[in-house]
1. Among 169-180, 47-58, how do they line up from the highest to the lowest mean number of other beta-carbon atoms within 10 Å?
2. Would you kindly give the portion of the calculated P(r) for region 186-303 that falls above 19 Å, as a percent of all Cα pairs?
3. Sequence gap at least 6, Cα distance under 8 Å: using those rules, report the relative contact order of region 145-301 to the nearest whole percent.
4. Which of the trypsin sites (Lys or Arg not before Pro) found in region 210-303 are in a DSSP loop and have at most 11 neighbouring Cβ atoms, other than their own, within 10 Å?
5. For GLU168, what residues show an amide H to amide H distance below 5 Å, using hydrogens built from the backbone and excluding near sequence neighbours?
6. In region 208-276, what chymotrypsin sites (Phe, Trp or Tyr not before Pro) fall in a loop by DSSP, with at most 13 other Cβ atoms inside 10 Å?
7. Report the accessible area of GLU202, computed with a 1.4 Å probe over the heavy atoms of all protein chains in place, in Å² rounded to the nearest 10.
8. Under the Karplus relation 6.51 cos²θ - 1.76 cosθ + 1.60, θ = phi - 60°, what is the ordered set of whole-Hz ³J(HN,Hα) values for region 184-190, x standing for Gly and Pro?
Amino acid sequence: MNMPAFLTAGTNAAEGITEAADKVAEAVKEVSRFWKWWEGFYPSAINFLIKLVIAYVIYIIGKRIIRSVLGITKRAMEKANGEAGVVTFVQSLLKTLLYCMLIILIATYIGIPGSTFVALVGSVGVTIGLALQGSLSNFAGGVLILLVKPFRVGDYIITGTFEGTVTEIDIFYTKMLTIDNRLVVLPNGALSNSNITNVTNEVVRRLDLVIPIGYNDDIRTVKSLLTDLAMKNDMVLKEDHKIDVFVGNFGDDAVEISLRVWVSKDNFFVCRAELLEAIKYCFDENGITIPFHQLDVMVKKEA
């Protein structure tokens, strides 16, 4: 039997009201739970933000303190006549250690547990160590260079295909400038295990020149002229150093006369250029020939 329409409409309306009331009640519960969560989270969030601000202030202050410590250390080492390479290396190492200590201090203040931080640093250290084996090798090479001292800042060295003046010895790399003012960065690990020629290690250097003359020229005259030129040059060291002029070799088209003099390491290249120029003018004035290779080309014409 069908119910009257007004009874059905009343029942549906009651069900709708009940469902709406349930949704409102559920929404009120959600709001209540969120409010309780917020009441517990709000103080913690505020405290954490305050700690972050204070941690940033600690970082700024610590950064300034580190700069001051580095400056005092540098001035003290320079006052004690420390080598430039050692000063740079110690500065870099000390800077790294101080910043690590500052980071540990900030992390501890924020609330990171010490054991967790140590475990994290250990795992990260192992990972970084495996990934940066070359860098660790460079660090060990830098320490070895400072201990053995095959060269110092300011020395002119030759290693492999590179040569130049050492400008800086860092923790991982050594920097040098070439003659044409190019910067070369060499890893300390490879540098400590390679052959190095330190050109300016000693105060004086021997300058060797090989001058070819013709077979028809008088050797005694040439030796006398070269000796006079060396004696007249102010950069050639005469006291306690001998000037040698002798026949070095009989070439295919020339007699090779060797001239050996001693000069200060700072005047090496300038003295070499001056002597070569003076020799050329002197030989021209005295009729001494400087042989050079010649190529004769014959062209045949067919009849």
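The values are calculated or read from the model by the stated rules, or taken from the named source; none is laboratory data. Quantities reported herein were computed from a predicted structural model and do not represent experimental measurements. Cβ: placed from backbone, ideal geometry, glycine included. Neighbour counts: every protein chain shown. For accessibility, only protein heavy atoms count, side chains too; no ligands or nucleic acids. Shrake-Rupley method; radii C 1.70, N 1.55, O 1.52, S 1.80 Å.
1. Packing order, densest peptide first, comes out as 169-180, 47-58.
2. Everything past 19 Å amounts to 58 percent.
3. Contact order relative to length: 20 percent.
4. Sparse-neighbourhood loop trypsin sites (Lys or Arg not before Pro): LYS242, LYS300, LYS301.
5. Residues meeting the criterion, in which the H sits 1.01 Å from N, are LYS175.
6. TYR215
7. The value for GLU202 is about 110 Å².
8. 10, 10, 10, x, 5, x, 5
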